Amino acid sequence: MASDDAQGGPIGFLVGLKAEADLLRRFFPDSPIAISGATRDGAERGAARLVACGVSVLASFGLAAGLDPALAPGTILVPDAVVAEGKLFPCSPSLRRRLGAGLRGVVAGALLHSDVVVLTAEEKQRLAHETGCCSLDMESGFVARAAQKAERPFAVLRAVCDPASRTLPPAAALALSPDGGLGVGALAKSLLCHPSQIVSLIKLGCDASSARRAMLRFLEFKASTASS
């Protein structure tokens, strides 16, 4: 059973994107960060590296998809549990508080892990109905399993990017490179074959920008209240 002593000390963060790692380093300069590149292998390796480097607590950070229609882009999530492969992994209460749980506007609930990008609004609706989860990402399940195996507390801090009602263009599943950057070649090829995706990609980009701005404001607020 993992201890719930999550006070103090660096947090080991797993993120999907370089941009998320850059944002984290501004507020958690002493924390090790692993970037998955939004791939299963990258997430597994990243979670294992964080455990191996000796941090006492782990966290998943970045963007998430909304499964609850009430969650708009930019909604801050600090889930109380992660669901992965049908198993419930409770998050550490004290680490959740450290990441901002309980602050105004922060949503709890359960977050669903997926190994693949969920593109359609219909699939999001199905997953919400079947699991009862309000959000979804592609890293938190690996953090949860690694933390359980190493008997370490874990938690999640995410911002909603694409809402439950949004169907993503196929190019969204190809947009990232394995190192967490932009997969320009695959993205360009998809757009050349299906140029009608451009409008949907622009909307997705706007949602992602809103989510990152909301996370920045949230982290700045947390930092200001902690220092006051």
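The values are calculated or read from the model by the stated rules, or taken from the named source; none is laboratory data. Since the model is a prediction, treat every value here as computed from it, not as a measurement. As a convention, Cβ positions derive from the backbone with ideal geometry for all residues, glycine included, and neighbour counts pool all protein chains shown. Ligands, DNA and RNA are stripped out before the accessible areas are found, and what is left, the full protein with its side chains, is counted by its heavy atoms. Shrake-Rupley method; radii C 1.70, N 1.55, O 1.52, S 1.80 Å.
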Potential extension, residue 216-residue 44 segment - 0.36 nm per residue separation minus Cα distance: 59.3 nm
Pairwise centroid distance, computed over Cα atoms, of region 48-71 with region 78-122, Å: 8
Under 20 Å from residue 18, Cα to Cα: aspartates and glutamates that are on another chain or at least 8 residues apart: 30, 41, 44, 115, 137, 139, 162, 179, 207, 220
Overall Cα dimensions of region 17-101, principal axis frame, Å, largest first: 37, 31, 28
Residue 137 - accessible surface, heavy atoms, 1.4 Å probe, Å² rounded to 10: 10
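All other residues with a Cβ under 13 Å from the Cβ of residue 164 taken together, and with Lys, Arg as +1 and Asp, Glu as -1, what is their net charge? Can you show the working numbers first?
On the way: positive: 124, 126, 166; negative: 68, 122, 123, 162, 207.
Here the charged neighbours net out to -2.
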Distance in nm between pseudo-label sites at residue 87 and residue 225 (7 Å out along the Cβ direction from Cα): 3.4
